[in-house]
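Take a look at the structure below.
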Amino acid sequence: MLPSPPSSKDEEHELADFAELLAIKNGSVSSREIVSYLSKLCDNHENVGCDDDESETTDEMEEVMAELDRRMKACGSGYPFTLAHSGSTLRHENGCTNPRSTIYRYLLLATRLNMKSARVHKRIDGTKLLEDLSAVVIKNYLGSRSRSLVFGTAVSGGFAKKISGLCQELREGGQFKNPDIDDVDENDGGIDTVGWVPFSDRKRGQLIVFGQCKTGTNWRDETVKLRPDDFVRLWMSDPPLLTPIRAFFIAESAEQGHWVKHATKAGLLFDRCRLVDFSETVPKDLIEKIETWTCAALDSVKF
């Protein structure tokens, strides 16, 4: 996590993030420069076995560059970098005005910054931006007739009001109910965004998606916490006919070696590249907020 430097022991998806940050800072970076940078860090800390680390890092660079190539293909025109010199150099397309490239840079920083102490820049909360973005992405993914909204803690109003409002939007679910005697102490029940595909007949029984959003890198233990079936049985007086499915939105580019495990636990998993992939239509005001936050966050980074 920034501002701490990486280690040669980091996994390839983490070193790929570091390569992208260096490319943004310097315009471009080669695999050889990354190895040299990591070796210099090792020397500064006077660690035993640095020579072995350099050899291992050099070997790992092939996997890192392969990961960057995978991201470029997964993001398409939204990837703000290009690979040159037979895939050994990463170049930052600094002049790129593609909104999806702006979103990628935002997600990169929202992964590597400490999003507890450094989430606010220019009075914009970077964690809330992911909720807003995810609501747009799930709508894009579900299709032109779908609808979506932000439900998370960033939205004003009490929990009961949020539930009743959601039921009105969905046209099913009844209204808020409190299953216990004591007052409810929930904020959002683990839901940050909701997407659904209504029918013209306005009848019950439609596809509904409950989504949870996580910036940073500490999301792996959170993937199983959202339980839509429990949510609707607990808080809705007349639960939807079809149990909503789970979606999980993360700023990080998830490691490919554990993709099946993560996707199995998380449900419909949107990592950084998938978010960019379905960000072809994002409102201008949201893009402007993302760009403002990202520029200020970049100015704050020292590494």
Q. Taking region 77-95 on its own, how many of its residues are open to solvent by 40 Å² or more (accessible area, probe 1.4 Å), of a type outside the set (Ser, Thr, Tyr) and either modelled with pLDDT under 90 or in a helix (DSSP H, G or I) (or both)?
A. 4
Q: Take region 118-128 and flag every residue that is surrounded by fewer than 20 Cβ atoms within 10 Å (Cβ to Cβ) and under 16 Å from residue 102 (Cα atoms).
A: 121, 124
Q) closer than 27 Å to residue 206 by Cα and touching a Phe, Trp or Tyr at 6+ places or on another chain (Cβ under 7 Å): does that describe residue 150? A) no
Q. Is there any pair with a first residue in region 107-134 that is part of a helix (DSSP H, G or I) and a second that is of a type in the set (S, T, N, Q) and open to solvent by 40 Å² or more (accessible area, probe 1.4 Å) whose Cβ atoms are under 8 Å apart and which are 6 or more apart or on different chains, and what are they?
A. 110/127
Q. What pairs can you find where one residue is in region 276-303 and more than 22 Å from residue 71 (Cα to Cα), the other is charged (D, E, K, R) and in a loop (DSSP other than H, G, I, E, B), and their Cβ atoms are less than 7 Å apart, with a gap of 6+ or different chains?
A. 292/122; 293/122; 296/122
Q.
Quick check on region 241-280: of everything there that is surrounded by fewer than 18 Cβ atoms within 10 Å (Cβ to Cβ) and among the hydroxyl-bearing types (Ser, Thr, Tyr), which residue is farthest from residue 101 (Cα to Cα)?
A. 243
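Yes/no per residue for (1) in contact (Cβ under 8 Å) with a residue 40 or more places away in the chain; (2) under 19 Å from the mean Cα position of the chain (by Cα):
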site	(1), (2)
157	no, no
161	no, no
175	yes, no
189	yes, no
199	no, no
203	no, no
208	no, no
213	yes, yes
217	yes, yes
Q) Among the residues of region 52-72, is there at least one that is modelled with pLDDT of 90 or more, surrounded by 13 or more Cβ atoms within 10 Å (Cβ to Cβ) and in contact with a Lys or Arg (Cβ under 7 Å, 6 or more places away or on another chain)? A) no
Q.
Pull out all pairs, ordered by first then second residue, where Cβ-Cβ is under 9 Å, the residues are six or more apart or on different chains, the first lies in region 70-81 and is free of Cβ contacts under 8 Å to residues at least 60 places away in the same chain and closer than 12 Å to residue 100 by Cβ, and the second is open to solvent by 10 Å² or more (accessible area, probe 1.4 Å) and not in a helix (DSSP H, G or I).
A. 77/98; 80/92; 80/93; 80/94; 80/96; 80/98
Q.
Just the residues that are within 13 Å of residue 173 (Cβ to Cβ) and either of a type in the set (D, E, K, R) or in contact with a Pro (Cβ under 8 Å, 6 or more places away or on another chain) (or both), please, taken from region 232-255.
A. 232, 233, 234, 235, 238, 243, 244
Q: Inspect all residues belonging to region 213-220 and state whether any of them is open to solvent by less than 10 Å² (accessible area, probe 1.4 Å), more than 22 Å from residue 111 (Cβ to Cβ) and not polar (S, T, N, Q).
A: no
Q.
Restricting to region 129-188, give me the number of residues that are open to solvent by 80 Å² or more (accessible area, probe 1.4 Å), modelled with pLDDT of 95 or more and more than 30 Å from residue 276 (Cβ to Cβ).
A. 3
Q | Positions within region 260-288 being touching a Leu at 6+ places or on another chain (Cβ under 8 Å) and part of a helix (DSSP H, G or I), in sequence order | A | 262, 263, 272, 275, 276, 286
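The values are calculated or read from the model by the stated rules, or taken from the named source; none is laboratory data. This structure is a prediction, so every number in the text was calculated from the model and none was measured. Please note: Cβ atoms are built from the backbone with ideal geometry, for glycine as well, and neighbour counts cover all protein chains shown. Heavy atoms of the whole protein, side chains included, go into the accessibility calculation; ligands, DNA and RNA do not. Shrake-Rupley method; radii C 1.70, N 1.55, O 1.52, S 1.80 Å.
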